[in-house]
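Notes for the one structure printed next.
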Amino acid sequence: MAVEKKSNKKDPKINSWLEQLKNIDRRIPIFLIFIAISAFLWLMNALSKDYITEIDCPVEFYNIPDNYVMIGEIPAEVQLQVSGRGFTLLKYTLGSIALPFNLDLQSYFSGNQEDQENVHFQYYLSSKKEQFERFLNDEIKVLDVRPSTLRLHFDKLHKKKIGIKPATNFSWAPQYRQKGNLLTTPDSVIVNGPKTKLDTLDYIKTELIIDEQIKKNKSYTADLIAPEQCNLMRKKVRIDLRTEQFTENTIQVPISITNKPDSINLTIFPNKINITYLISFEDYEIINASDFQAAINYKEIKKQNEPQELNINLLFVPEEAKILRYWPQKARFIINEK
C-alpha cells in the first residue's frame, strides 16, 4: 500500500511575511522602549511640580431646624481653586469627590429667629478655606471658593390638609366602564411645607396607575407624590375602582313646551324624539321615558310669518344614562289662539 507523504513546503505568502520581519531593523524595538521610559520619567517629573487647577466639591447643609425648610435654588456643589503637587491633584482631576463637604447652619439660627416666619442670611464660604483644605488633603492649598457667598432663605413649616387626586390611565374590556368616582382611602393627607407653597396646592397627585381590559372591581395601592419643599404625613393610599357592564338602548320621549302663554295653543310635530343612551345592566330596568325631559322654548319663536323650526333641548337626563345621540333636534309648530 502506498503511503502519501506530507509536503513540508510553506505557503509563499507566509515566507514573504517572515522575510519582511527579518529585514526589520533590530534597533527599532530598542528605540521604542527608550521612548516609553523617557515618557514615564517626564510624567513623574511633571507630576512632582506644583499646579493650580479648579475642582468641583459637593456640599450638603445640616443642622437645619425641623420647623424650617430651605427654599429657592440650593447649590449642590461649589468650585474650588486649589494648588498642589501634580500627584495630589491627579485623583481630583481624573475623578469626582465622593463625599460632600458639610456646611453647619446651627450657629445661624438663634432663639429669636426660630419664631420668625422667614429667615434669611448669608453664608460666607470664603471663610471656610482651611476647613476645605482639611476635608480634601493637607497637601492641597485652597486659593479661592466660588461662589464666595451663599444667600440662603428659609420658610417656617406649616401644615395643611389637602385632597388626593389619583392619576390613572384605565381602559376597559368591551361593554365595561367605570361606575361612579374612584374611592380614595384616605381622601386627603396632611402636608408640611412653607406657607407660600401650601397656598398654591389644590390637591396631591398619586403616581400614575395603568391598567387595561378591566372588567371587574379592583383595588390599587399608589405612592403619593410630594410637592417640592414639602413632606407628606403618609406615603401611600388605597384606590378602589368600581366597574359595571353596560348596554345601549333607545327610547321615545314626548316633547314639552316651556314659557308658553296660557292664551296660546301650540301644536308641534313631531311631538316625540328618540334618545339613544348607554345604561348599565343594573339600571336598565329602572330607567323609562318619564326619567327624561325634552322641550322647546316658546320664547325662541320669531315674530314673522315664514315657517320656523325650534331647537329641541334635553332639560333632564338621569345620571345613570350617558346620551349618545337624539333625533330629531328641531321641531316645527303651529300656533292657535284660544
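Of note:
- Within segment 208-232, the set of residues being among the acidic types (Asp, Glu) and under 30 Å from His153 (Cα atoms) comprises Asp223, Glu228.
- Exclusive hit being of a type in the set (A, V, I, L, M) and either outside any strand (DSSP E or B) or touching a residue at least 60 places away in the same chain (Cβ under 8 Å) (or both), set Leu208, Leu152: Leu152
- Among the residues making up segment 122-167, those that are closer than 14 Å to Val78 by Cα and β-branched (Val, Ile, Thr) are Val142, Val145, Thr149.
- For segment 158-178, the candidate set comprises residues that are of a type in the set (A, V, I, L, M) and free of Cβ contacts under 8 Å to residues at least 60 places away in the same chain; within that set, the residue that is nearest to Thr206 (Cα to Cα) is Ala167.
- Among the residues of segment 285-304, those that are surrounded by 14 or more Cβ atoms within 10 Å (Cβ to Cβ), farther than 16 Å from Ile335 by Cα and not small (Gly, Ala, Ser) comprise Ile287, Asp291, Phe292, Gln293.
- Pairs meeting the criteria (first residue in segment 283-300 and outside the structural domain of Ala321 (by TED's automatic domain parsing), second residue among the acidic types (Asp, Glu), beta carbons under 7 Å, at least 6 apart or on different chains) are lacking.
- For Thr196, the conditions (1) in contact (Cβ under 8 Å) with a residue 40 or more places away in the chain; (2) farther than 29 Å from Glu77 by Cβ; (3) not acidic (Asp, Glu); (4) not in a strand (DSSP E or B) all hold with the exception of (2).
- When Lys195 is tested against (1) on the phi < 0 side of the Ramachandran plot; (2) in contact with a strand residue (DSSP E or B) (Cβ under 9 Å, 6 or more places away or on another chain); (3) surrounded by fewer than 13 Cβ atoms within 10 Å (Cβ to Cβ), exactly one condition is not met: (3).
- Qualifying residue in segment 324-334 (condition: exposed (fewer than 15 other Cβ atoms within 10 Å of the Cβ) and under 30 Å from Asn217 (Cα atoms)): yes
The values are calculated or read from the model by the stated rules, or taken from the named source; none is laboratory data. Source: prediction; values computed, not measured. Neighbour counts run over all protein chains shown; Cβ positions are idealised from the backbone, glycine included.
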